[in-house]
1. Going Cα to Cα from LYS46, which aspartates and glutamates come in below 18 Å? Please leave out same-chain ones fewer than 8 positions away.
2. Tell me, what HN-Hα J-couplings in whole Hz come from the Karplus equation 6.51 cos²θ - 1.76 cosθ + 1.60 at θ = phi - 60° for each residue of the range 32-47, using x for Gly and Pro?
3. Applying 1/(1 + (r/R0)^6) with R0 = 35 Å to the Cβ-Cβ distance of LYS58 and ASN143, what FRET efficiency is obtained, to the nearest 0.05?
4. Quickly work out the LYS46-to-GLU102 label distance, labels modelled 7 Å from Cα along the C-beta direction, and quote it in nm with one decimal.
5. List, in order, the whole-Hz ³J(HN,Hα) value for each residue of the range 148-162 obtained from phi through the Karplus relation with A = 6.51, B = -1.76, C = 1.60 and θ = phi - 60°; use x for Gly and Pro.
6. ARG88 to PHE17: extension gain in nm, 0.36 nm per residue of separation minus the Cα-Cα distance?
Amino acid sequence: MRAVRAAGRKSSKPKTFRIKVISMGDQAVGKSCLIKRFCEDKFVQKYIPTIGVDYGVKPLRLGEYEARPPADAHHASLQAGSACMQLRVNFWDLAGPAEYCEVRNEFYKDAQGCLLVYDVTSRASFENLPAWLDEAREHKADNMVIFVAASKADNPTRKVSEKEGRDWATSQVRGMGSLLAGQPVLTTQA
C-alpha cells in the first residue's frame, strides 16, 4: 500500500540538470583561477600548473523556470514556469601544455560548453586560440556553447585590445558553427 501511495505522489524535489563545461587555452592564462573563483569563490594568487585535468563543480538553482524540449537537437531552453531548476555545472579544467594533449582529448566528448581563455598580456595565448578550436573540432566537440574569456584585464601591460578580442571571437567562433554565448568576450580580472 505504501508503494502505491508513493508512486502516486509527485516528487517536490526539482530535477537536476548536469552540464559539462571544459576549459581550453594555453598554460598560465588563468583557466584554473576562473573556475576556482566561480565554483568556490576563492582566488589563488600563487600559480600552480594543472597536471592533466582538474575538476570543479558549481550547483546552481535557477528561479521560476522549467526546462522545455530543445528547439534544435543540441540546445535546451528555459521557459517561465512553476518550478525551480537545479543545475550542476561540472567544469573539466584541461591542462594547457602540449604534452597533455592525449589526456585532454578524452574530455572533449559530450562537452556542452567551453571556456576558451586567453591572457590579455600574452599575445601568443591570443594567437593560439584557433589551434584550440582546431583541437576541439578534431575530437568532435563542435556542438558546444563557447565562452571566450579574456583574463588578467586588470593588468596594465595589455597586448591584446578588447576590440581585437571581440572581433576575433565574433568572426572565428561563429565561423566554427557553435553558439556564441552572450557577449563574444568576457573580460576577467582578480
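Readers should treat all values here as calculations from the given coordinates under stated rules, not as data from a laboratory. As the structure is a prediction and not an experimental result, all values here were calculated from the model. Here Cβ is always computed from backbone atoms with ideal geometry, including for glycine, and neighbour counts include all displayed protein chains.
1. Filter leaves ASP26, ASP54, ASP93, ASP119, ASP154.
2. Listing the rounded values in order: 5, 5, 4, 5, 4, 5, 6, 7, 10, 6, 10, 10, 9, 6, 7, 6 Hz.
3. Values: r = 22 Å, r/R0 = 0.62.
Calculated transfer efficiency: 0.95.
4. Here the answer is 3.1 nm between the modelled labels.
5. 9, 10, 9, 8, 6, 5, 7, 7, x, 8, 5, 10, 10, 6, 4
6. On the way: separation 71, 0.36 × 71 = 25.56 nm, distance 0.61 nm.
Value of the extension gain: 24.9 nm.
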